[in-house]
1. Given the C-alpha centroids of the stretch B:138-162 and the stretch B:86-133, what is the distance between them in whole angstrom?
2. Which residues, if any, in the stretch B:71-88 have at least 30 Å² less accessible area in the whole protein complex than in the isolated chain, probe 1.4 Å?
3. For B:162-174, what's the mean count of beta carbons from other chains sitting within 10 Å of each residue's beta carbon?
4. Enumerate by residue number the trypsin sites (Lys or Arg not before Pro) in the stretch A:1-72 meeting two conditions: DSSP loop (anything except H, G, I, E, B), and at most 10 other Cβ atoms within 10 Å of the site's Cβ.
5. Average partner chain C-beta neighbours within 10 Å, per residue of B:41-53?
6. Roughly how tilted is helix A:13-36, in degrees to the nearest 10 and between 0 and 90, from the longest Cα axis of chain A?
7. Let's test the formula: R0 of 56 Å, r as the Cβ-Cβ distance of A:GLN40 and A:GLU3. What FRET efficiency results, to the nearest 0.05?
8. Quick one: compute the contact order of the stretch B:50-173, relative version, from alpha carbon pairs under 8 angstrom and 6+ residues apart, as a percent.
Amino acid sequence: MAEPLKKKKRIDPAVLRAREERKKKKIEKQIRRLEKNSRQLKPIDELEIPPAVFDTLKQRAREPTVISHEEMEERALLLKEWSLYKMKERMNDVQLLDKMIISQQKAMDELRLESEELYQEALAMDLNVMPFTIKGPVHTPPIVNYDSPDGDYTNITKDWFQPLFVKQ
Amino acid sequence: MQSSVLRRTLLGILKKPGPTLCCSRRNNTNYTIGGLWEPEYLEAMKSKVPLYDTLNIQMKGYDYPLLESYQKFVHTIASNMDIDVEECWATPPQNFKINTFKPNSTVLDKEFKLSLYERNVQIVDMPTTLYPILLSALSASVPEGVTVTVHEHDPEHEEVRYIPDLELKDLKDQLTLMGGPRVEKKKRKK
């Protein structure tokens, strides 16, 4: 048996708006609270200790081996030679860079004496080299006429936007 | 004719590189830039060459010890060239699963799991003249299997490093559905 339909009460629009404002205020307060806690950086796989290793750290610890006096001396001398060699290499690099910078500065000065316009053009940002990609050399050159097999590449990186477990 | 050439070369020799770029444009003004009482070194300290704002040198490779030592190398090169290196960071790697199929079938032959590691070096305020030199230094020294990209910094690159806060996102979406944040009334100070 249906009761006679109730008349819908007319709610004052101001009251409605006030309700909406209160809800918004609540949400904003929550947002502010969450934003205060600083965001977490994603963990970097290669820098994390795998948990299996972490658990067995004590088992894996070893005592340092005893090195004879002569061996230690030999190693120290070798280290000195190596560091000298590396230092010379590094000095060469730095000097090369300095030479490049100085000769560029000289060239720019000469250019400026020649023509101010060209100088300004040379100083301007070059959009061809922004962005720039450099590919490193490969270990072996590509095989000539290589018949590559069929296959696919799938990206299985962890997607942080999808929760791991979907709540039912 | 000859005397003017001589005069020009003499002036060229005597002229030291760079009084400021700004001063050379305002050749015959009587007033100084910045006002009468501003110290001159403020203007002299500004760079005479246009600067790139923020650049990211992004290095990607499959071998991460090599990548890490290359990052160190890039850092030292940049600091030797007196370029401000602001930050260096690592981004979590991209993991790929690569399948090869046996010929003329979809039977799985081999499966490989590879990770593409990434390192970044951020450079701030680099003069345009030094940029090509840096690029040639990088391309001369790039190690095996590493791809280097130099690009401008996007806020997106910063976002990728952080775990997205789903709750925060949900709340923000809710707020936009409800019609945007409230307009705050200006509070009057008593």
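The values are calculated or read from the model by the stated rules, or taken from the named source; none is laboratory data. Quick caveat: nothing in here was measured; it's all calculated off a predicted structure. Glycine gets a Cβ as well: all are built from the backbone with ideal geometry, and neighbour counts include every protein chain shown. For accessibility, only protein heavy atoms count, side chains too; no ligands or nucleic acids. Shrake-Rupley method; radii C 1.70, N 1.55, O 1.52, S 1.80 Å.
1. 10 Å
2. With the partner chains in place, the stretch B:71-88 has these residues losing at least 30 Å²: B:PHE73, B:ASN80, B:MET81.
3. Values: counts 6, 7, 5, 6, 4, 3, 7, 2, 2, 9, 5, 0, 5.
For this peptide, the per-residue mean of nearby foreign Cβ atoms is 5.
4. Of the trypsin sites (Lys or Arg not before Pro), the ones in loops of the stretch A:1-72 whose Cβ has at most 10 other Cβ atoms within 10 Å are A:LYS6, A:LYS7, A:LYS8, A:LYS9, A:ARG10, A:ARG62.
5. On the way: counts 0, 0, 0, 0, 0, 0, 0, 1, 3, 4, 1, 2, 0.
Averaged over the peptide's residues, the number is 1.
6. Helix A:13-36 and the main axis of chain A meet at about 30 degrees.
7. Details: r = 56 Å, r/R0 = 1.00.
The value I calculate is 0.50.
8. Values: 184 pairs, mean separation 50.2, N = 124.
The normalised contact order for the stretch B:50-173 reaches 40 percent.
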